[in-house]
Amino acid sequence: MISARAYTAISATDPLVPGVVERRAVGPKDVLVEIAWAGICHSDIHTVRGDWGPVTYPLTVGHEIAGTVVQVGAEVTGHAVGDRVGVGCMVDSCRECANCRSGREQYCLRGFTDTFNAIDRDGRVTQGGYSTHIVVDEHFVLRLPDAIPFQKAAPLLCAGITTYSPLRHWNAGPGKKVAVVGLGGLGHMAVKFAHAMGAEVTVLSQSPRKREDALRFGADHYHATGDPATFERLANTFDLIVNTVSAPLDFDAYLKLLALDGTIVNVGAPPEQVPVTLFTLFANRRSFAGSTIGGIAETREMLDFCAEHGITPEVEVIRAADVNKAWQRVLDADVRYRFVIDIATLAD
Ligand SMILES: [Zn+2]
Ligand SMILES: [Zn+2]
């Protein structure tokens, strides 16, 4: 076993505290990663607070991980000591079902293994990236292209792939009108990707205060959803709406913004059920959809796309000791646009 220092949740309500997680010994197909950077995702907080189901404490969260390979198992072929790599929201899947075999491990029919708070194949609870080291099967470790700055790489592994995958699936590109709802960690990546793919991009955000940022990230248009006139003005406009907001919305109002054959795809979700009026779907043959992260092959494609187009997330680097303050700021929507923990500061 390998002891890794960590910042750990001991209950749903206590602040995170320094602790230790035990990683399994490096198996034949495993890679030991020394973590350098860990992004803070809203899911980390939802999970620890118990919003999404039962939690085994102590729990170390974090599924936006960038680090360096420091050891590989005897049968590892895809990674070498010294490689810069990333680990995202999955650390395993069954590898046998139809979806796994077609490279869509995120839709594993037996359920993929989450990077934290899931039962690993050795029966232990997985522990995430707010930690100095992690041991992961090589299939779920992604080599980082040299062109991606190390300290900005981590958020690509969740916020990046979560928005890239639906934009690709629903063919965001030239001639397509794409709206992004919410300009946070996920939303700002969606804007950068959709713009680079060649779509005409609109940001729909509650207030006008992020307009400058949105335009700088590549948005062509910006509308405040707090203004009811926005919904009249934009009726029947978009081919695709990517909803990154996890608070409940008036979904019918947003559906009415879709043009013929348009789709609203949700990548954030409120815990409660959401009402949708079927007659709103009948008009314009609209679709109401969901999407979760992306497969390993597609994540590789996303990283290459970022390298090719110079796409990086906007990050604010923090020390490990400031993680509780950062969580509060995430809850207050006071982050532009992703916190990244400098894991070297865990040693202090
Ligand atoms: Zn996440
Ligand atoms: Zn599977």
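The values are calculated or read from the model by the stated rules, or taken from the named source; none is laboratory data. Here the structure is a predicted model, which is why all the values come from computation and not from measurement. Here Cβ is always computed from backbone atoms with ideal geometry, including for glycine, and neighbour counts include all displayed protein chains.
Hey, H188 hits all of (1) more than 25 Å from D239 (Cβ to Cβ); (2) crowded, with 20+ Cβ neighbours inside 10 Å; (3) out of contact with any Leu (no Cβ under 9 Å at 6 or more places or on another chain) but one; which does it fall short on? If we test H188 against (1) more than 25 Å from D239 (Cβ to Cβ); (2) crowded, with 20+ Cβ neighbours inside 10 Å; (3) out of contact with any Leu (no Cβ under 9 Å at 6 or more places or on another chain), just (1) comes out false. Close Cβ contacts (under 9 Å, 6 or more residues apart or on different chains) running from residues in region 331-348 that are farther than 19 Å from K152 by Cα to residues that are part of a loop (DSSP other than H, G, I, E, B) and among the small types (G, A, S) comprise A333/G184.
Residue under question is A194, and the condition is that it be under 23 Å from F339 (Cβ atoms), touching a helix residue (DSSP H, G or I) at 6+ places or on another chain (Cβ under 6 Å) and assigned by TED's automatic domain parsing to the domain that holds W170; does it hold? No, not satisfied.
For region 265-290, the set of residues classified as closer than 30 Å to R49 by Cα and either assigned to a strand (DSSP E or B) or in contact with a Phe, Trp or Tyr (Cβ under 9 Å, 6 or more places away or on another chain) (or both) consists of V265, N266, P271, V274, P275, V276, F288, A289, G290, listed by residue number. Exactly one residue among Q127, Q151 is out of contact with any helix residue (DSSP H, G or I) (no Cβ under 8 Å at 6 or more places or on another chain), within 16 Å of ligand 1 (Cβ to nearest atom) and touching a residue at least 60 places away in the same chain (Cβ under 8 Å), and that residue is Q127. Screening L183 with (1) touching a Lys or Arg at 6+ places or on another chain (Cβ under 9 Å); (2) within 14 Å of ligand 1 (Cβ to nearest atom) gives one miss only, at (2).
Counting only residues that are of a type outside the set (S, T, N, Q), part of a loop (DSSP other than H, G, I, E, B) and over 16 Å from Y164 (Cβ atoms), region 103-118 holds 7 of them.
The criterion of being within 16 Å of ligand 2 (Cβ to nearest atom), among the charged types (D, E, K, R), crowded, with 19+ Cβ neighbours inside 10 Å and within 27 Å of I148 (Cβ to Cβ) does not hold for E64. Tell me whether region 200-221 contains one or more residues that are over 21 Å from G184 (Cβ atoms) and modelled with pLDDT of 95 or more. Yes.
One line per residue, one yes/no per condition, for (1) farther than 23 Å from P149 by Cβ; (2) in contact with a helix residue (DSSP H, G or I) (Cβ under 7 Å, 6 or more places away or on another chain); (3) assigned by TED's automatic domain parsing to the domain that holds W327; (4) at pLDDT below 95:
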| residue | (1), (2), (3), (4) |
| --- | --- |
| L16 | yes, yes, yes, no |
| A25 | yes, no, yes, no |
| V76 | yes, yes, yes, no |
| A80 | no, no, yes, no |
| V91 | yes, yes, yes, no |
